[in-house]
Amino acid sequence: MDWVLRNSGLVLELTREHLVLSLLPVLLGLVLAIPLGWLANRRSWGRTLTLNAAGFLYTLPSLALFVFLPPIIGTRILDPLNVIVALTVYVLALLVRTVADGLSAVPERIVDSATAMGFRPVRRFLAVELPIAVPVIVAGLRVAAVSSISLVTVGSVIGFGGLGKMFTEGFQREIPQQTVAGIVLVLLLALVVDALLVLAGRLLTPWERAQQPTAGRARPGARR
Amino acid sequence: MIEFRGVTKRFPDGTVAVDDLDLVAERGRITVFVGPSGCGKTTSLRMINRMVEPSAGRLEVDGRDVLSADPAELRRGIGYVIQQAGLFPHRTIVDNIATVPMLLGRGRRAARDRARELMETVGLDVSMAGRYPAQLSGGQQQRVGVARALAADPPVLLMDEPFSAVDPVVRESLQDELLRLQSELGKTIVFVTHDIDEAVKLGDRVAVFRVGGRLAQYDEPGVLLSRPVDDFVDTFVGRDRGYRGLGFLTSDTIPLGPLDMVSMGDPLPDDGWAVVLDGTGRPLGWVAAGDGPVTEDTVVPGGSLYPVGSGSLRGALDAALSSPSGQGVAVDAEGRVAGSVTADAVLAALPAARDDSAA
Ligand SMILES: Nc1ncnc2c1ncn2[C@@H]1O[C@H](COP(=O)(O)OP(=O)(O)OP(=O)(O)O)[C@@H](O)[C@H]1O
Ligand SMILES: [Mg+2]
């Protein structure tokens with residue numbers, strides 16, 4: 001605690017870096033996962049293709065990704081972009097499946113009645129299918145965000161690991177308080193972000209908490 | 001008017017769901033498609049709004065070939081109601097109903113005002129406007145489904161087993177409500193059901209399909225019940241068709257008989273039964289012969305009432321059969337007792353009524 005207060009400037013700077021490095025990929029991954037999840041849900045070849053690719057990417061060790069990305073995407077080895085791209089790939093791999101599952105759980109009957117009312121496909125997707133899939137997507141997003149926040153620390157091996165830098169430095173300079181503070185801060189960050197996502201999910205889905213009818217079934221002729 | 005001309009639907013797997021269908025659903029009328037499971041009712045219905053594309057033949061809605069229309073535009077002009085309503089769980093009742101007007105680009109305010117109006121029309125309390133579908137009973141959801149289909153005032157309404165998921169009592173009230181609405185709105189309705197009772201109750205004309213997607217018979221309900229074209233239709237229409245057919249024969253000619261009538265406090269009749277009247281001449285029930293005055297305790301509930309002029313033979317016969325005395329109570333338009341009707345009198349009137357309906 002003492003250590004944190006004495007180095008608050010550094011801690012704040014690292015926290016900010018940690019948030020950008022971990023949450024920007026979550027955002028990018030989500031934006032990419034939505035159209036891919038749509039594709040996976042619409043076409044059977046789309047499903048096979050996207051879900052297998054996602055499964056493959058997800059099994060790659062993150063450290064390897066940090067190291068092998070630069071020659072592939074043409075960045076230098078010490079570039080925060082490497083961390084962002086690597087994590088985006090991770091989040092994307094995770095969320096494509098979630099989005100596809102969420103969309104396929106939207107009852108056929110509802111999609112059908114939307115079509116029958118004259119929705120065109122894009123509007124139907126945005127106004128009906130996606131909103132109904134929100135609870136599933138938010139659940140996946142929580143896993144992705146928490147994973148991303150913890151994975152960022154691995155980036156410290158190439159110099160951009162946000163709060164992860166406190167682990168490595170704490171070790172090298174033999175300041176255990178620094179290492180412990182780093183771990184606690186990463187945990188706190190994960191908890192806060194997770195709580196914010198839960199809150200956002202609740203605000204987006206007021207119908208999920210709608211009460212069942214208390215008045216019982218409709219009585220015949222009970223009008224007015 | 002909806003016109004099927006030689007319409008066939010063959011699915012890619014080779015299933016022929018609808019086979020060379022020729023049928024006209026008249027404007028402003030309820031046409032019912034009925035038949036056993038898998039006979040192609042839903043497929044026929046969904047070709048009307050192009051949810052399914054015909055493989056052959058021609059299908060016109062109000063003179064326009066459906067295949068020449070833009071599917072989304074076409075569908076906005078055709079109301080569609082399905083089993084369990086298919087409501088959007090994430091939208092409030094009022095926004096569910098406002099869906100099509102919003103798609104058509106009407107303002108949100110106007111669409112919602114219209115939606116509230118429609119809630120009244122279909123018998124829903126406007127205080128439910130802000131609820132979500134999960135907060136409504138099945139019957140209420142079905143009413144929302146009907147309101148949503150009516151919101152943009154489409155001339156055509158397609159209904160696919162809309163009432164089959166609710167219990168019989170609620171179903172009956174929804175059916176009555178639909179008939180009431182239809183008498184005001186005069187839409188061209190195509191209604192799918194597998195329930196022959198629902199078909200003859202709602203349909204101006206009923207199309208009976210057989211498996212393989214072939215039309216077996218297309219007639220008014222009374223004709224269907226009295227003259228099925230073949231054994232398939234006969235069996236499908238069911239065992240009580242003779243009795244149910246009475247519902248389509250009218251009975252202005254049944255002679256009314258006399259009736260013993262008493263009021264509260266009068267002495268009980270010496271023999272037989274008497275109808276107890278209230279102060280305005282409406283029936284309260286029956287009393288059997290006995291000693292002492294007519295009191296609340298001595299009154300036995302009566303059977304169904306037979307409204308003179310508006311009733312069917314079936315109504316008259318039921319009034320007679322359900323009355324404790326064997327005499328049905330006939331009432332006038334104000335509900336006052338007009339006389340009695342017996343089962344014998346109904347049966348005696350039957351041949352004439354048959355001749356009338358055949359003419
Ligand atoms: N998309 C499809 N692909 C292949 N066959 C289909 C398809 N949709 C329906 N069928 C077949 O077409 C036939 C008619 O189906 P349809 O849904 O029109 O029947 P239905 O009369 O509405 O039956 P139900 O009373 O059970 O709803 C059935 O044999 C069904 O299996
Ligand atoms: Mg069907």
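The values are calculated or read from the model by the stated rules, or taken from the named source; none is laboratory data. All values derive from a computational prediction rather than experimental measurement. Neighbour counts are summed over all protein chains in view; Cβ atoms, including those assigned to glycine, are modelled from backbone coordinates with ideal geometry. These area figures cover heavy atoms from the full protein model, side chains too; ligands, DNA and RNA do not enter into them. Shrake-Rupley method; radii C 1.70, N 1.55, O 1.52, S 1.80 Å.
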Checklist outcome for this item: Given the conditions (1) surrounded by 15 or more Cβ atoms within 10 Å (Cβ to Cβ); (2) closer than 24 Å to B:Pro221 by Cα; (3) in contact with a Ser or Thr (Cβ under 8 Å, 6 or more places away or on another chain); (4) in contact (Cβ under 8 Å) with a residue 60 or more places away in the chain, every one holds for B:Arg27 apart from (1)
Checklist outcome for this item: Across (1) within 16 Å of ligand 1 (Cβ to nearest atom); (2) within 14 Å of chain A (Cβ to nearest Cβ), B:Leu178 clears everything bar (1)
Next on the checklist: On the basis of being surrounded by fewer than 18 Cβ atoms within 10 Å (Cβ to Cβ) and more than 16 Å from ligand 2 (Cβ to nearest atom), does B:Ser304 make the cut?
Outcome noted: yes
Checklist outcome for this item: Checked against (1) within 14 Å of chain A (Cβ to nearest Cβ); (2) in a loop (DSSP other than H, G, I, E, B), B:Ser37 satisfies every condition except (1)
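What do you reckon, is A:Leu203 within 14 Å of chain B (Cβ to nearest Cβ), open to solvent by 40 Å² or more (accessible area, probe 1.4 Å) and at pLDDT 85 or above?
Criteria met by A:Leu203.
Could you identify the single residue in A:Ala86, A:Ala116, A:Ala93 that is touching a strand residue (DSSP E or B) at 6+ places or on another chain (Cβ under 9 Å) and surrounded by 19 or more Cβ atoms within 10 Å (Cβ to Cβ)? Let's see the steps before the verdict.
Details: A:Ala86 fails: touching a strand residue (DSSP E or B) at 6+ places or on another chain (Cβ under 9 Å); A:Ala93 fails: touching a strand residue (DSSP E or B) at 6+ places or on another chain (Cβ under 9 Å).
Result of the check over A:Ala86, A:Ala116, A:Ala93: A:Ala116.
B:Asp167: within 16 Å of ligand 2 (Cβ to nearest atom), open to solvent by 10 Å² or more (accessible area, probe 1.4 Å) and within 11 Å of another protein chain (Cβ to nearest Cβ), yes or no? It would help to see each step written out before you state the result.
Details: within 16 Å of ligand 2 (Cβ to nearest atom): no; open to solvent by 10 Å² or more (accessible area, probe 1.4 Å): yes; within 11 Å of another protein chain (Cβ to nearest Cβ): yes.
Taking the combined requirement at face value, the residue does not satisfy it.
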Item to check | Where B:Asp95 falls short, out of the listed (1) surrounded by 22 or more Cβ atoms within 10 Å (Cβ to Cβ); (2) at pLDDT 95 or above | outcome: (1)
Checklist entry - Looking at B:Ala338, B:Ala349, B:Ala343, B:Ala330, which one is closer than 15 Å to B:Leu256 by Cα, more than 23 Å from the chain's Cα centre (by Cα) and without any contact (Cβ under 8 Å) to a residue 40 or more places away in the chain? => result B:Ala343
Item to check | Breaking point among (1) out of contact with any helix residue (DSSP H, G or I) (no Cβ under 6 Å at 6 or more places or on another chain); (2) surrounded by 14 or more Cβ atoms within 10 Å (Cβ to Cβ), for A:Arg47 | outcome: (1)
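What's the total number of residues in the range B:1-10 that are open to solvent by less than 70 Å² (accessible area, probe 1.4 Å) and farther than 21 Å from B:Phe191 by Cβ?
Quick first cut of the range B:1-10, residues open to solvent by less than 70 Å² (accessible area, probe 1.4 Å) only: B:2-4, B:6-9.
Then drop every residue that is not farther than 21 Å from B:Phe191 by Cβ, which leaves B:6, B:8.
Residues in the range B:1-10 being open to solvent by less than 70 Å² (accessible area, probe 1.4 Å) and farther than 21 Å from B:Phe191 by Cβ: 2 in total.
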Checklist entry - Are any of the residues in the range B:58-74 part of a helix (DSSP H, G or I), basic (Lys, Arg) and either within 16 Å of ligand 1 (Cβ to nearest atom) or surrounded by fewer than 21 Cβ atoms within 10 Å (Cβ to Cβ) (or both)? => result no
Next on the checklist: One residue is enough: does the range B:11-24 have a residue meeting the conditions within 16 Å of ligand 2 (Cβ to nearest atom), crowded, with 22+ Cβ neighbours inside 10 Å, within 13 Å of B:Arg214 (Cα to Cα) and under 25 Å from the mean Cα position of the chain (by Cα)?
Outcome noted: yes
Next on the checklist: So, in the range B:124-160, exactly how many residues are within 16 Å of ligand 1 (Cβ to nearest atom) and touching a Leu at 6+ places or on another chain (Cβ under 6 Å)?
Outcome noted: 2
Checklist entry - For B:Gly38, which of the numbered conditions (1) surrounded by fewer than 19 Cβ atoms within 10 Å (Cβ to Cβ); (2) away from ligand 1 (no atom under 13 Å from the Cβ) fails to hold? => result (2)
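Rundown of residues vs (1) more than 14 Å from every other protein chain (Cβ to nearest Cβ); (2) within 16 Å of ligand 2 (Cβ to nearest atom); (3) closer than 15 Å to B:Gly213 by Cβ, yes/no style:
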{"site": "B:Gly28", "(1), (2), (3)": "yes, no, no"}
{"site": "B:Val32", "(1), (2), (3)": "yes, yes, no"}
{"site": "B:Thr43", "(1), (2), (3)": "no, yes, yes"}
{"site": "B:Arg46", "(1), (2), (3)": "no, yes, yes"}
{"site": "B:Asp65", "(1), (2), (3)": "yes, no, no"}
{"site": "B:Pro71", "(1), (2), (3)": "no, no, no"}
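Is it the case, given these coordinates, that B:Gly79 is of a type outside the set (Val, Ile, Thr), within 16 Å of ligand 1 (Cβ to nearest atom), open to solvent by less than 10 Å² (accessible area, probe 1.4 Å) and within 25 Å of B:Arg143 (Cβ to Cβ)? Reasoning before the result, please.
Values: of a type outside the set (Val, Ile, Thr): yes; within 16 Å of ligand 1 (Cβ to nearest atom): no; open to solvent by less than 10 Å² (accessible area, probe 1.4 Å): yes; within 25 Å of B:Arg143 (Cβ to Cβ): yes.
Against the criterion (of a type outside the set (Val, Ile, Thr), within 16 Å of ligand 1 (Cβ to nearest atom), open to solvent by less than 10 Å² (accessible area, probe 1.4 Å) and within 25 Å of B:Arg143 (Cβ to Cβ)), B:Gly79 does not qualify.
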Checklist entry - Can you find even one residue in the range B:100-109 that is within 13 Å of chain A (Cβ to nearest Cβ), under 19 Å from A:Phe125 (Cα atoms), open to solvent by 40 Å² or more (accessible area, probe 1.4 Å) and in a loop (DSSP other than H, G, I, E, B)? => result yes
